[in-house]
Structure formats: C-alpha cells, structure tokens
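Written below as structure tokens is the structure these notes are about.
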Amino acid sequence: MADFKLESWEREPFWLKLLTPFLKRKRFPVLPSVPKPEQWYRIYPEGCVDANGERTYANFQLGTENKLLVYFSGGGLSWNEYTAARQESLYSKNPSEGFYMVHVDLFTDLRMNTGIFENHPRNPFQNWSKLVFNYNTGDFHAGDGDFPYRALDGSQRVVHHHGFRNYQAVMEIVKRLVSAPDSLLITGCSGGAFGAALVADDLAEQYPACENITCLADSGFFRLPDWHGIAKNVWHAPQKIVERIHSDNIMLDALTSLHQKHGERIKCLFSSSVRDGFLGRMMQYVESGTFSFSNMGGDLCYRELQQFCDELREAVPTIGLYFFDIPDKKQKGLDLTIHCIIGGEYAYSYQQSGLSVIQWLERAVQGDVRQIGLPLLHREES
C-alpha cells in the first residue's frame, strides 16, 4: 500500500487560511435549549458525521408561524469507487474533477438570507420555521452506511454515506421544537432535490397530523442504469427508500411513489432550467465519460428534460411544474442555463407567465398547483 498522503481537498490553501478566522466568527451559535424566534442556529446531533467522518450539523431557525420549511442542500453525489475518490471542496486544486462536496462548514451559514430563506416581507415563507440539511455525504441525504474505496494516493479509505442517519438524528431534536406544524414544505436543489423527493415520505410520517404538505424538487434529475443497486449497496439506504427505486430515473421513481402513496396529501412539484449546465455535464459524463460543461451537454439536458416531463406528467397528473431559461453567464458561448432557482435572487426577479418561482410555490402550497413554462420545452433546437 502506498504511503498515506493528504488529498488535494484536505490541504487548506493559503488564501483560505487567511479567511478562516473571519468565516469562523460568522458561524451561527449552537442551538440552545430555548431558542429565540427568528435567530439562526447550528444543530450538532451526537454521532453525526460527513463523508470523511468529520462532525457535521444542520441549520435551524424557529419561526413565528406554526409552519415548517425543510430544505435539503445539494452538492453532487458518489455512486462507485471512482466517484468516491474524487471529492470536491474549497481546498481542491481541480474542483472541476470533483463529484461531491465535502468541507462545507465555512460558508454554509452565509447563504441563509437569500432566495427562499430571505428575511423580507416579499418572502411568503419569511415567518416559517426553517430547517436546512447541509450536504456533505454524497448520498442524496439517503444513506445509512459506509462504503470502502481506494483513494487517489492508493490508500484504503471509507466514505460515510450517513445522510439519512444524520437526518433522523436532527429530526429528533427539531420535533421537540416544531411538534405539529399546520403546513410542511419539503424542498431542495440539485442533490438536495433528490433528497427532498426521497425523504419526503419519512417527513410526512414524522408529522402524521399535517395535511398540507408540499414537496418541491428543484433542478435534480438524470439517469443512471442502476440507481437501485447504488442506493442499496453503496449508500446502504433504508429498505423503505431502496424499494421505491426501480428504474434508471430515481427522481421519477421518488415522485411517483410519493403520489401513489399519499395522493392529494402531498403536492408534488418540480422545477428546472431547460439547458442546465450542471445537469448536462453529469448526463454527458454518464453517456460518454466526458465531465465538462459544453453545448452538447445542454442539448442532452434539453432532450432528457422533454422526455422526463412527459413521463412525469403521465405518472403524476397533478404535478406542478416550473421551467425557466435564465442564461448561465459563467459558461460563456455554450448556450447553457443556470442550475437551481429557489436559493437566490432569481426566485423573485425572474418570471414565467407572470409568476416568479416563489409566487408559483406560494400558490401551490395554498392548493393552486400550476404547470408553468411548458412552451420552453417545445422550442426548435438549433
């Protein structure tokens, strides 16, 4: 076996060392026994760890209304030994080669006043209690076990796919603070979109008296030939999650299962940009082994989204949809669109059919579920 060496994602760069003291001072305080309303905190349940075994946490804010928003953060995934060995973090020399995020601690608290978390009257969820599951386990928040792999330096390591285990430990604490919400909104973007769809059934069971439940998956779908085997043998997900996965489209399986089991009790929603560069990059990698942003990836995403939309509308006739075409300015010349919408300013400033995604979501929570932006999927491709 090769000598143990630090991976690139484990070596803190000099620029980050300079920022670290400032960022640590910006961290939210640890949750006290009696939290103050409208104050963000960190929850550190006993035994909760990230992919590399480091202590991890969730963020929580107690609201002034008896309503709960649960948000699952995104950041890629690991599904085999190759991807397990290629983590991404602020420490990485080549972040474009990373498949899932680790070391998220320094920056997660800084995002809790944008998009759906914004503390502003224009946000209809401003006064809701909010629970945010940070993502650093590479398992769509669905794992409950460990997966061995060989690191790039040749050493044997283990990735802790403990997303679901961490979720359960956090919920034991949060349920003491929000015991019986009148409304429950379950959402997430990217990898967290899959998490929202996969874990929503358990959350509905956590709050059996809640009849107004909405699940929004933002910008999360792509096909892999063995999602069932990945969930079972790599993530070691609970059987109740594994048994719902049976095709190459895990998002379709998850939302279909929610609809079939819960019917009108859970309003299922999906949103996505039409040429999502990040999803296209992943689809292109699965298809050809090329992991990069490209016009080809945008084309692939567009075609896959068309097919997925048709399948989803057939399987879940009551599905709410919101499609958008905001250009990704960071990927110049590639005709790509942004990845995720509910976590930033575009949640309010962009509109389709006269509605922002926040307005569309608010109406859906109130029972007015709409399909917005479908014409964007029927433009003639260049």
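For the stretch 344-349, what does the Karplus curve 6.51 cos²θ - 1.76 cosθ + 1.60, with θ = phi - 60°, yield as ³J(HN,Hα) per residue in whole Hz, taken in order and with x for Gly and Pro?
The phi angles translate into x, 4, 4, 4, 10, 8 Hz.
Could you tell me what percent of the accessible area of the stretch 274-382 is made up of carbon and sulfur, with a 1.4 Å probe and every protein chain present?
Values: 2460 of 5180 Å².
Result for the stretch 274-382: 48 percent of the exposed heavy-atom area is carbon or sulfur.
Hey, which of these cross-link pairs are over 30 Å Cα-Cα: LYS67/LYS240; LYS232/LYS267; LYS26/LYS240?
Working: LYS67/LYS240 26 Å; LYS232/LYS267 27 Å; LYS26/LYS240 38 Å.
Distance filter (> 30 Å) returns LYS26/LYS240.
Mind grabbing the base-10 log of I(q)/I(0) for the stretch 184-234 at q = 0.29 Å⁻¹? Debye formula, identical points on the C-alpha positions, no solvent, two decimal places.
After summing over all Cα pairs, the log10 values are -1.05.
Looking at the chain, I'd like the Rg to Rh ratio, where Rg is from alpha-carbon atoms and Rh is Kirkwood's inverse mean 1/r. List each step's numbers first, then the result.
Numbers: Rg = 19.8 Å, Rh = 21.0 Å.
Using only Cα positions, Rg/Rh for the chain is 0.94.
Inverting the mean 1/r over all pairs of different Cα atoms, compute the Kirkwood radius of the stretch 155-258 and quote it in Å. Walk me through the numbers on the way to the answer.
On the way: mean 1/r = 0.0682 Å⁻¹.
Averaging 1/r across every pair of different Cα atoms and inverting gives 14.7 Å.
No other cysteine beta carbon under 4.7 Å away is the test; run it over the chain and list who passes.
CYS48, CYS210, CYS215, CYS268, CYS301, CYS309 - these cysteines have no disulfide-compatible partner (Cβ-Cβ under 4.7 Å) in the chain.
Between ASP328 and residues 5 or more places away or on another chain, which pairs have amide H atoms under 5 Å apart, with H built 1.01 Å from N, and which residues are they?
It is LEU336, THR337, ILE338, by chain and number.
Normalise the Debye intensity by I(0) for the stretch 98-203, one equal point scatterer per Cα, no solvent, then take log10 at q = 0.12, 0.13, 0.18 Å⁻¹ and round to two decimals.
Each listed q maps to, in turn, -0.50, -0.58, -1.03.
Only helices at least 20 Å long along their axis, Cα-based, and averaging 0.5 or more on Kyte-Doolittle count here, so list those DSSP H runs from the chain.
Working: long enough: 163-177 (22 Å, -0.13); 191-206 (22 Å, 0.52); 295-315 (30 Å, -0.77).
Sorted by number, the helices that extend far enough and score high enough are 191-206.
Counting only heavy atoms of the protein chains, get the accessible area per residue of the stretch 174-238 (1.4 Å probe) and round it to a whole Å² value.
Working: 1820 Å² over 65 residues.
That works out to 28 Å² for each residue.
Using amide H atoms built 1.01 Å from N in the peptide plane, name the residues 5+ places from LYS267, or on other chains, whose amide H lies under 5 Å from its own.
Answer set, sorted by chain and number: ILE213, THR214, CYS215.
Leaving out ligands, DNA and RNA, and with a 1.4 Å probe, what % of the accessible surface on the stretch 187-264 is carbon or sulfur?
Working: 1250 of 2470 Å².
The C+S portion of the solvent-accessible surface of the stretch 187-264 is 50 percent.
Around GLU46, with a cut-off of 13 angstrom between Cβ atoms, what is the net charge of the other residues, counting Lys and Arg +1 and Asp and Glu -1?
On the way: positive: ARG55, ARG165; negative: GLU172.
For residues surrounding GLU46, the net value is +1.
Working from the pairwise distances between different alpha carbons, so that the mean of 1/r is found and then inverted, what is the stretch 48-167's Kirkwood radius in Å? Kindly include the intermediate steps, with their values, before the conclusion.
Details: mean 1/r = 0.0650 Å⁻¹.
Every distinct Cα pair counted, the radius reaches 15.4 Å.
Take the Cα atoms of the stretch 232-289, build their convex hull, and give its volume per residue in Å³.
Working: hull volume 6.6 nm³, N = 58.
It is 113 Å³ per residue.
Provide the per-residue ³J(HN,Hα) series for the stretch 182-189, in order, calculated from phi with Karplus coefficients 6.51, -1.76, 1.60 and θ = phi - 60°, each as a whole number of Hz, with x at glycine and proline positions.
Coupling constants for the stretch 182-189: 6, 9, 9, 10, 10, 8, x, 10 Hz.
The values are calculated or read from the model by the stated rules, or taken from the named source; none is laboratory data. The shown structure was predicted, so the numbers you read here are calculated from the model rather than taken from an experiment. Counting neighbours? That spans all protein chains shown, and the Cβs are built from the backbone with ideal geometry, glycine included. Just so you know, the surface numbers come from the protein's heavy atoms only, side chains and all, with ligands and any DNA or RNA stripped out. Shrake-Rupley method; radii C 1.70, N 1.55, O 1.52, S 1.80 Å.
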